[in-house]
């Protein structure tokens, strides 16, 4: 009974944190959409997409290895690994920020402004996200929610000051976002009581390479391919079409909150319970997916019958494009959520080679289907391509988790086979 209560408390903390984090991103996107024109929001969406790519890459290199390999470690070892991970995150973030700044020079004026602003604040944004992952690894999700609350208070306080004084440039708007993240990240490091051991960057990369190489490779092949594909949509069509995709993603944000919370909860909990029998692992994966699907269906039906005036009030000029892609994006979200349970269990078991193989197939499929559909049918084709890809990949996740559950092992044992 007590164990069930502890699991429920942790799940509640994960869910609350994801709600707070995603809601902040939703409100930020809406404020930016209402403050700038469609081109400006498209440029912001490109910057936000690059931020998302950086976050996912760092999770593959630092956050997920920390959760999978050290969630069950003694307190002192876990704290030592957190310090190494924090330093590694900062070092890589500085390099990424420089790369974004250099890359911004080959874009249009509005997009360049957004990317330069992002480059300045990228280290703070990424260290903040690492702190969240560290709290999840330590089984303290409510502290992750606390620092996200700090971020929201600082961010929206600054945004209110800017908008009240008619300061609506992308530099200032992104700056408010970045300053809030930096202050939140510093608070997270203080609560974790870990230093930034930048000098341990190469040691961390070397020691975790056995696992992180698969995680990073599958990110590049899977989610990374999706994000690169969205950036290429801008090249094939326009930045405003990227804004349309982003607006639809914002409306689906509450579903992402629940799905991400479920995943963040599943990975460390399965990593602590690798000795569960096959049926229990399968039931856990099915329960996560079934619960998510039920919530998704209720939400997307409500979203699709929403009066169009509401969408226009939220997104202004960007709503027209978002309305065109909303249905296929909803269908894509439903297929994706069903894969969440199996994926979380596989990550928790450390089956990085198997998840890598799934994404080895998914990556090229994304680029071929997404870019081909965009070329033929524009942004509407892009949205339907997302739905088709998730439907094609789903059976592979289900079959793999069934096989993995029959042979649960320690992550390191799996990686050495």
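Bear in mind that the values in this text are calculations on the coordinates, not laboratory data. In this text the structure is predicted, and so the values were computed from the model without any measurement. Every residue, glycine as well, gets a Cβ built from its backbone with ideal geometry; the counts of neighbours run over all protein chains shown.
With 0.36 nm allotted per residue and the present C-alpha distance subtracted, the residue 375-residue 302 stretch has 23.2 nm of extension available.
Normalising the Debye intensity of the chain to I(0), with uniform scatterers on Cα atoms only, and taking log10 at q = 0.09 Å⁻¹ returns -0.52.
Given a cut-off of under 8 Å on Cα pairs at least six residues apart, what relative contact order in percent is computed for region 211-417?
Details: 262 pairs, mean separation 74.4, N = 207.
Relative contact order comes out at 36 percent.
Order by neighbour count: 171, 260, fewest other Cβ atoms within 10 Å first, most last.
Values: 171 12, 260 18.
Arranged by neighbour count, lowest to highest, 171, 260 become 171, 260.
Computed over the alpha-carbon atoms, region 121-192 gives an Rg to Rh ratio of 1.06, Rh here being the Kirkwood radius from the mean inverse distance. For the chain, the relative contact order works out to 23 percent when only alpha carbon pairs closer than 8 Å and six or more residues apart are counted.
Taking 0.36 nm per residue of separation and subtracting the Cα-Cα distance, full extension of the segment from residue 407 to residue 186 would add 75.4 nm.
Ignoring everything except DSSP H segments at least 4 long, calculate the 222 nm mean residue ellipticity for the chain; use -39,500 (n - 2.57) per segment, divide by total residues, nearest 500. Before the final figure, lay out the partial values.
On the way: 17 runs with 358 residues, N = 417.
About -30000 deg cm²/dmol.
Largest first and in whole Å, the equivalent-ellipsoid semi-axes of region 1-207 read 31, 21, 13, each the square root of five times a Cα gyration tensor eigenvalue. Over region 95-245, one equal point on each Cα, no solvent: what is log10 I(q)/I(0) by the Debye formula at q = 0.08, 0.11, 0.19 Å⁻¹? With one equal scatterer per Cα and no solvent, log10 I(q)/I(0) is -0.30, -0.57, -1.37. Ranked by the mean number of other Cβ atoms within 10 Å of their residues, highest first, the peptides 325-334, 352-361 come out as 325-334, 352-361.
For region 81-168, what is Rg from Cα atoms divided by 2.2 N^0.38 Å, rounded to two decimals? Mind showing how you got there, number by number?
Values: Rg = 15.8 Å, N = 88, 2.2 N^0.38 = 12.1 Å.
Against the empirical 2.2 N^0.38 Å value, I get 1.31 for region 81-168.
Of all the Cα-Cα pairs you can form in region 211-417, what percent are over 25 Å apart? Every Cα pair in region 211-417 considered, those over 25 Å come to 41 percent.
Taking the number of Cβ atoms within 10 Å of each Cβ as an exposure proxy, the fewest-first ranking of 319, 384 is 384, 319.
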